[in-house]
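Below: the structure, in C-alpha cells.
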Amino acid sequence: MRTIPQVRAWRKGLPAGTRLGFVPTMGALHEGHMSLVALSKAQADRTIASIFVNPLQFGPNEDLSRYPRPLENDLALLEAAGVDALFLPAVEDLYPKDASTFVVEEQVSLPLCGAFRPGHFRGVATVVLKLFNIVAPDVAFFGQKDAQQCAVIARMVRDLDVPVEIVRGPTLREADGLAMSSRNIYLSPEDRAAAPAIHRSLVAAEAAFAAGERDAKRLVAVGRTVLAGEPRLKEQYWEARHPASLAPLVTVGPEGALLAVAAYLGTTRLIDNLVLGAG
C-alpha cells in the first residue's frame, strides 16, 4: 500500500478485536528487523511493516542520498516472514510542502546522539507519530540497538497519550559481536575487522560491573580504554546514563545503567549499547 487512504481502509477492514502489530523500518532489512517481525507475529494477530527513508531525521551532511534502498530484497524478506501488509509511502504524501507541525521531545532526546545530530529526534518522533496515526497499531516493535530512539518514542507515547504499546526487541549481533545495522554495508574489509571493538568495549565495562564496580566514571573509563585500543575507531561518545531518563549517572544504582557508544570508522558512524542490571 502506497497511500494513506489505502492503509486506513485496510486497517478499518480488519475483523473487530484484531490485535495489530507494526514494524516501522527504513528498509535495507537484516536479521535484526526480521526478529522484530517475528516478535510481532508472536504477539499480534496481524502484522504490518513500513519502509520509509525519513528525510526529516537526516542532517544536511549525513547519508540520506546514499542510504541503501534494496527494495526488491526487502519485499522478499517481508513476504517470506509472513507480513500481512506493507506501507510504502512517498515523501510528498507524508510531508506536504508547507508542513509546519513537528514533534519535539525535550529531555531524553538531548544527550548522546541528540547532542551530535541536532533535529534528528524531532524527525524520528514526527514520523513515528504520523505512522501511528495512519496505521493505528495496537503494538509497535523497535530494536534496542537504537536505545535512545526507543526512549524518545516511549516518552512521546506516554506524554501524548498515544494508545500504542511499545515493545523493544533485543539487539541482534554478528558472530563477532558487531551489532547488525543497515550501515554495516558501508564498511571496508579493514573497518569491518575493527568494528567489533565497539561491542568489546561494552562487554569490558559489563565485566567490571559484574566484578562489583558501580562508579559510572570508572565503568566508562574501562570501555573507552578498550575502544581506544582499536586505532581505526574514532569515538564520538562513550557514556553511562540512566536507562529510562538518560540522565547522567554518578553511581549505578538498582535501576541499572545504559552504556552507550557512538564511533566512526572512516565516514561510517556506528552506535551500540548495553544495559547493566537489566532484570
### Query
Among helices (runs of 4 or more DSSP H) lying entirely in segment 20-97, which contain 1 or more residues that are touching a strand residue (DSSP E or B) at 6+ places or on another chain (Cβ under 9 Å) and without any contact (Cβ under 8 Å) to a residue 60 or more places away in the chain?
31-43, 71-80
### Message
For the condition touching a Leu at 6+ places or on another chain (Cβ under 6 Å), of a type in the set (Gly, Ala, Ser) and open to solvent by less than 40 Å² (accessible area, probe 1.4 Å), what is the one hit in Ala204, Ala216?
### Response
Ala216
### Query
Got a sec? Which of Ala179, Ala151 is in contact (Cβ under 8 Å) with a residue 24 or more places away in the chain, within 16 Å of Ser35 (Cα to Cα) and open to solvent by less than 10 Å² (accessible area, probe 1.4 Å)?
Ala179
### Message
For segment 219-242: of the residues being open to solvent by less than 70 Å² (accessible area, probe 1.4 Å) and in contact (Cβ under 8 Å) with a residue 40 or more places away in the chain, which is nearest to Gln149 (Cα to Cα)?
### Response
Arg241
## Note on the structure
Of the conditions (1) touching a Lys or Arg at 6+ places or on another chain (Cβ under 7 Å); (2) open to solvent by less than 40 Å² (accessible area, probe 1.4 Å); (3) polar (S, T, N, Q), the single one that Thr251 does not satisfy is (2)
### When residues of segment 77-108 are limited to those that are within 24 Å of Ala151 (Cβ to Cβ) and open to solvent by less than 30 Å² (accessible area, probe 1.4 Å), the one farthest from the chain's Cα centre (by Cα)
Leu94
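The values are calculated or read from the model by the stated rules, or taken from the named source; none is laboratory data. Since we're looking at a predicted model, the values are computed, not measured. Every residue, glycine as well, gets a Cβ built from its backbone with ideal geometry; the counts of neighbours run over all protein chains shown. SASA here: full protein model, heavy atoms, side chains in, ligands and nucleic acids out. Shrake-Rupley method; radii C 1.70, N 1.55, O 1.52, S 1.80 Å.
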